[in-house]
1. Which residues, counting only those in the range 200-218, are surrounded by fewer than 19 Cβ atoms within 10 Å (Cβ to Cβ) and closer than 18 Å to residue 239 by Cβ?
2. From the list 317, 282, 292, which residue is within 15 Å of residue 231 (Cβ to Cβ) and either without any contact (Cβ under 8 Å) to a residue 24 or more places away in the chain or assigned to a strand (DSSP E or B) (or both)?
3. Of the conditions (1) touching a Lys or Arg at 6+ places or on another chain (Cβ under 7 Å); (2) within 24 Å of residue 139 (Cβ to Cβ), residue 215 clears all except one; give me its number.
4. Does the range 135-149 contain at least one residue that is of a type outside the set (A, V, I, L, M, F, W, C), touching a Lys or Arg at 6+ places or on another chain (Cβ under 7 Å), under 19 Å from residue 87 (Cα atoms) and surrounded by fewer than 17 Cβ atoms within 10 Å (Cβ to Cβ)?
5. Would a scan of the range 70-87 turn up a residue that is charged (D, E, K, R) and closer than 24 Å to residue 167 by Cβ?
6. I need the full set of residues from the range 91-121 which are crowded, with 17+ Cβ neighbours inside 10 Å and part of a loop (DSSP other than H, G, I, E, B), in order please.
Amino acid sequence: MSTTDRSPAGVPGSLGPLRMTPGRWVALAVAVPVALALIGWAGFSLVSSLARGSYPFSYAIPVPNRQVAVNINAGNVTLREAPDGSTARLTGTVQYGLIRPAIGETITPTGASIDMSCNGINADCGMSGTLDIPARTAVTLWSNGGDITASGFSSGTTLSASGGNVNVTNLAGDLQLDSGGGDLTGTGLTGALQVDTEGGNVNAGDWTGSGTMRIDTGGGDLTANSLTGNLQLSTEGGDVDANGVASTLVGMDSGGGNVTLAFTQVPQNLQISAEGGDVTVILPLGGTTYDISTPDNQGANVSYPQSLFSSQSTHKITIDSGGGNITVSQG
């Protein structure tokens, strides 16, 4: 009995088994393991997200000579003042996914180090803690990427977040604050102030400096309300918007960002370099005159009332906009 091919004209019939060429074997050899790995990783990630766990921790930290120094390599930390005592205490919770990480304390002559065994597989690993510090104790804290929150210390504070945000209120003394790239927000700071964000924004409210207050955003914006004391400001490209400035000596370099400074006190010496940004200076009302110079405006608009200018004045204002517009007024 003969078999007749009943396929429509021009349409091929069955092609039979697919012939495996060397190229197809190579494609299978590469694709199959990759597909299995992706399926396995998706399953692992799902299990890890559903299998979250946590456990508490508590460590005593010595306070020699009324000073405490702590290095924490993962997680967010809140500092708060505790009743007077001979030790500080760090308490908190470790959170993790499928793999339980270890946490431990190492005491050194210079302070304490809190370490966690997080790794790339256990992506949900982290901790949040509270550091209780005896009153009248100077504080130094390093956090490897986590946020830092602190309030109410008066004996000097050094904080470094290495990329996290820093939020502080009512601090006094020798203050050194570094977010390492995150934003820094502070209210009610008094003392010798040095602030660095290395790219993050600075939001300042009611800062009073002794000596020269130094603020460097590393590229972020500076927004301030009520800055008192001599100022050295640098944003390296960020904008500056500062109201309520009570300062006799101000040095400002925006690195290209716009600058707005509104004074409540007559400045003795104001020097601004904007490198292309616009500059607006608002001086206090009154009859004070200023020796105003704009040495490198590169043809940009320069505007100020002639009643404010006197080449004989001891109050100096020098604005180098690098091409940005310059406006000086009273208000």
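Only the coordinates and a few stated rules stand behind these numbers; no lab work does. Bear in mind the structure is a predicted one, so any value in this text is a computation, not a measurement. Every residue, glycine among them, receives a Cβ derived from its backbone with ideal geometry; neighbour counts consider all protein chains shown.
1. First pass over the range 200-218, keeping only residues surrounded by fewer than 19 Cβ atoms within 10 Å (Cβ to Cβ): 203, 205-206, 208, 210-212, 214.
Scanning the range 200-218 gives 203, 205.
2. Result: 317 is the single residue among 317, 282, 292 that is within 15 Å of residue 231 (Cβ to Cβ) and either without any contact (Cβ under 8 Å) to a residue 24 or more places away in the chain or assigned to a strand (DSSP E or B) (or both).
3. Checking residue 215 against (1) touching a Lys or Arg at 6+ places or on another chain (Cβ under 7 Å); (2) within 24 Å of residue 139 (Cβ to Cβ), the one that fails is (1).
4. yes
5. So the first thing to find is which residues in the range 70-87 are charged (D, E, K, R), and the list is 80-81, 84.
With closer than 24 Å to residue 167 by Cβ added as a condition, the list becomes 80-81.
The answer is yes, given that some residue of the range 70-87 is charged (D, E, K, R) and closer than 24 Å to residue 167 by Cβ.
6. 97, 98, 101, 118
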